[in-house]
Amino acid sequence: MNERRIHRIFEISVVLTGLQALAELFGGVALYFIPSAAIAHWVGILTQHELREDPHDAIANTLLAAAQHLSVSTQTFYAFYLLSHGLVKVLLVIMVVLMEIYM
């Protein structure tokens, strides 16, 4: 591969990392502000079709059980984790972009 193609792949990976970081920030904020009962309700709605077709579907049953047993402390922990992880990644992406511009 030539150097230009490698650099293009690098740029795409930085953009994708930035998008993932923004999704983590959005997910953390949503997880912090949405009550666990609402999360369990929406997971129930999203998995009901699959569970009607296959009541033993492992993924749907695992998601439903996890949502129904989501405690406030667990929800707060995951919200904090997603927010902090997303923030660190956004800052790293910004630093990489700035280094790319000024170097």
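The values are calculated or read from the model by the stated rules, or taken from the named source; none is laboratory data. It should be emphasised that the depicted structure is a prediction, and the values quoted were computed from it without experimental measurement. As a convention, Cβ positions derive from the backbone with ideal geometry for all residues, glycine included, and neighbour counts pool all protein chains shown. Note: accessible area is taken over every heavy atom of the protein model, side chains too, but ligands, DNA and RNA are not part of it. Shrake-Rupley method; radii C 1.70, N 1.55, O 1.52, S 1.80 Å.
Summary table below
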read-out	value
Inter-residue pairs, beta-carbon under 6 Å, first touching a residue at least 12 places away in the same chain (Cβ under 8 Å) and in the range 25-38, second in a helix (DSSP H, G or I) and open to solvent by 30 Å² or more (accessible area, probe 1.4 Å), 6+ apart	Gly27/Leu82; Gly28/Leu82; Gly28/Leu83; Leu31/Tyr78
Helices (runs of 4 or more DSSP H) (entirely within the range 13-103) containing at least 1 residues that are modelled with pLDDT of 95 or more and among the aromatic types (Phe, Trp, Tyr)	36-53, 72-102
Where Ala30 falls short, out of the listed (1) open to solvent by 70 Å² or more (accessible area, probe 1.4 Å); (2) over 17 Å from Ile94 (Cα atoms)	(1)
Within the range 41-87, tally of residues that are within 18 Å of the chain's Cα centre (by Cα) and open to solvent by 100 Å² or more (accessible area, probe 1.4 Å)	7
The range 49-71 residues that are over 20 Å from Ala37 (Cα atoms), paired with ones that are in a helix (DSSP H, G or I) (beta carbon under 7 Å, 6 or more apart)	Glu50/Ala60; Asp57/Glu50; Asp57/Leu51
